[in-house]
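Report on one structure; see the data block that follows.
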Amino acid sequence: MSQSEQPVFQLASGVRLRPWESQYAQVLVDSSRDPGIQHWNRPGLLSIDDAQARIARWRRRWEAEEAAVWAIQRVDDDHPVGLIGLGDMDFKGGSAEFLYWLLPAARGSGAMVDATIRVSRWALDVLGLHRLRITHSVANTASCRVATRAGFALEGTMRSALLHADGWHDEHLHARIQGDAWPDEEHTTTADLNVSNLRNRPAAT
């Protein structure tokens, strides 16, 4: 990663994944004020300066091979509608964890399933990672559907694993490892998801 530019991915669902740039800072500000994103991702309220600093930090983390974070955009619009990425990257241990969210305008499109599969293929086939995981509150049923439809097996429940504003939540643990079967096309283009937010770890920093 440190020797290459972060790739841009064009997806069949009509969106592209591209690195965050400073001109998109207002999108991060807006996302931090969305009730669903604030509840599940806990980004804190961001100012423009905060958001620009976060985008610059993502670039440094790419170069340090610590994280890979993309903006989700519709192909006909330069305005990001969401975020997807891998954090907690451990090349020695062969693992990483997903983080993602969508703004209200993009929810229900099935784009997050498509994006999760595309980033998974890149992480496993190009980076050579062995195991990818998704964790979410058991109350976040939208995230559970996305993880399952993206081919991440449910491995179990972690009790009282993450603190939210309304108290401690149990979390589901999903994972995909090298050699797992990929979902068929029907599952990668599902358009009936009402995704309020898809992760319940702290927002990427």
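If you take the residues in the range 83-109 that are buried (at least 22 other Cβ atoms within 10 Å of the Cβ) and over 19 Å from residue 59 (Cβ atoms), which one is modelled with the lowest pLDDT? Here the answer is 109. Residue check: is residue 33 charged (D, E, K, R), open to solvent by less than 70 Å² (accessible area, probe 1.4 Å) and under 17 Å from residue 82 (Cα atoms)? It is false that residue 33 is charged (D, E, K, R), open to solvent by less than 70 Å² (accessible area, probe 1.4 Å) and under 17 Å from residue 82 (Cα atoms).
If the requirement is being of a type outside the set (Ser, Thr, Tyr) and either within 17 Å of the chain's Cα centre (by Cα) or within 30 Å of residue 179 (Cα to Cα) (or both), which of these qualifies: 90, 76, 49? One residue alone meets the criteria, 90. Given the structure, is residue 77 surrounded by fewer than 18 Cβ atoms within 10 Å (Cβ to Cβ) and part of a strand (DSSP E or B)? No; evaluated as a whole, the condition is false for this residue. Restricting to the range 159-170, and then to whatever is over 20 Å from the mean Cα position of the chain (by Cα) and closer than 20 Å to residue 133 by Cα, can you tell me which residue is least open to solvent (accessible area, probe 1.4 Å)? Selected residue: 160. Within the range 53-73, the set of residues being more than 21 Å from residue 32 (Cβ to Cβ) and either open to solvent by 20 Å² or more (accessible area, probe 1.4 Å) or in a loop (DSSP other than H, G, I, E, B) (or both) comprises 63, 64, 65, 66.
The values are calculated or read from the model by the stated rules, or taken from the named source; none is laboratory data. Source: prediction; values computed, not measured. When we count neighbours, we look across all protein chains shown, and the Cβ atoms used for this are built from the backbone with ideal geometry, even at glycine. Ligands, DNA and RNA are stripped out before the accessible areas are found, and what is left, the full protein with its side chains, is counted by its heavy atoms. Shrake-Rupley method; radii C 1.70, N 1.55, O 1.52, S 1.80 Å.
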